[in-house]
Amino acid sequence: PRYGAYYRSHGVSSAELASASWFKSSASSYNGNCVEVSRLLDGRVAVRDTKDRAAGPALIFTRPEWDAFLAGAKGGEFDSA
């Protein structure tokens, strides 16, 4: 797979991602500009682009990294000025 080295470096297999349960926010629109999230068995979080489910990469985050991202998003850290 194209992303095999990245997944291996994060301790995740392509098979694990293929069998993961993915979900997206109920607030997502239906225009395809969404991301999906999956909680992996070891507590890490995977994120992928809804438009490219089959061939696109998934980014892998540790639980503390994901929690820091969510806190920043909730706190407005990523809002444009």
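The values are calculated or read from the model by the stated rules, or taken from the named source; none is laboratory data. The shown structure was predicted, so the numbers you read here are calculated from the model rather than taken from an experiment. Because the Cβ atoms are built from the backbone with ideal geometry, glycine has one as well, and the counts that use them run over all protein chains shown. All accessible areas refer to the heavy atoms of the entire protein, side chains included, with ligands and DNA or RNA removed. Shrake-Rupley method; radii C 1.70, N 1.55, O 1.52, S 1.80 Å.
For this structure, a couple of remarks:
- Residues that are surrounded by 12 or more Cβ atoms within 10 Å (Cβ to Cβ) and out of contact with any Asp or Glu (no Cβ under 9 Å at 6 or more places or on another chain), drawn from segment 29-57: Val37, Ser38, Arg39
- Looking only at segment 1-11, residues that are open to solvent by 90 Å² or more (accessible area, probe 1.4 Å) and touching a residue at least 40 places away in the same chain (Cβ under 8 Å) come to 1 in all.
- Unique match (being of a type in the set (Ser, Thr, Tyr), open to solvent by less than 50 Å² (accessible area, probe 1.4 Å) and out of contact with any strand residue (DSSP E or B) (no Cβ under 6 Å at 6 or more places or on another chain)) among Ser19, Ser14, Ser80, Ser25: Ser14
- Contact map, segment 64-81: first residue among the acidic types (Asp, Glu), second residue in a loop (DSSP other than H, G, I, E, B) and surrounded by 10 or more Cβ atoms within 10 Å (Cβ to Cβ), Cβ cut-off under 9 Å, separation 6 or more or different chains; pairs are Glu65/Arg44.
- When segment 58-74 is filtered for residues that are within 18 Å of Ser21 (Cβ to Cβ) and open to solvent by less than 40 Å² (accessible area, probe 1.4 Å), the ones remaining, listed by number, are Ala58, Ile60, Trp66.
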